[in-house]
Amino acid sequence: MQSAPAYGKSYEWLLLQKSDMSISSLSLKSRDDSFYVQERYFNLGYLKYNQHDGIFIERSNTGQHPLENRECTGIPENYLQVVEDYLKKMVNMPSLQEVH
């Protein structure tokens, strides 16, 4: 398993809780890739997926969440709005350098 170095692209992994529509940022700890399956290990859990589906298992193993790869048109509008609002807040946050 390799650690999570920079690969030339920056990704922000988010966890959306359907129950209260809250978003948590996931901190990528490591990853493992093969032709058929991708695995990501985060501070809050483990994600295993392929081009069709996947599963997210919470770190405390209190929940397993099956996932389905969908086109953006298949994602409910309220989910997209919550993510958009979250990203807008992140873009408008002052950097640590600006705060000090």
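When every residue of segment 44-52 is checked against the conditions, at least one turns out to be out of contact with any strand residue (DSSP E or B) (no Cβ under 8 Å at 6 or more places or on another chain), farther than 20 Å from Leu87 by Cα and of a type outside the set (Gly, Ala, Ser).
Does Leu16 fit the bill of being touching a strand residue (DSSP E or B) at 6+ places or on another chain (Cβ under 6 Å) and either open to solvent by less than 50 Å² (accessible area, probe 1.4 Å) or not acidic (Asp, Glu) (or both)? Yes, satisfied.
The values are calculated or read from the model by the stated rules, or taken from the named source; none is laboratory data. Computed from a predicted model, the values in this text were never measured in an experiment. For neighbour counting, all protein chains shown are included, and Cβ atoms are generated from backbone atoms with ideal geometry for every residue, glycine included. Accessible surface is based on the protein model in full, side chains and every heavy atom, while ligands, DNA and RNA are left aside. Shrake-Rupley method; radii C 1.70, N 1.55, O 1.52, S 1.80 Å.
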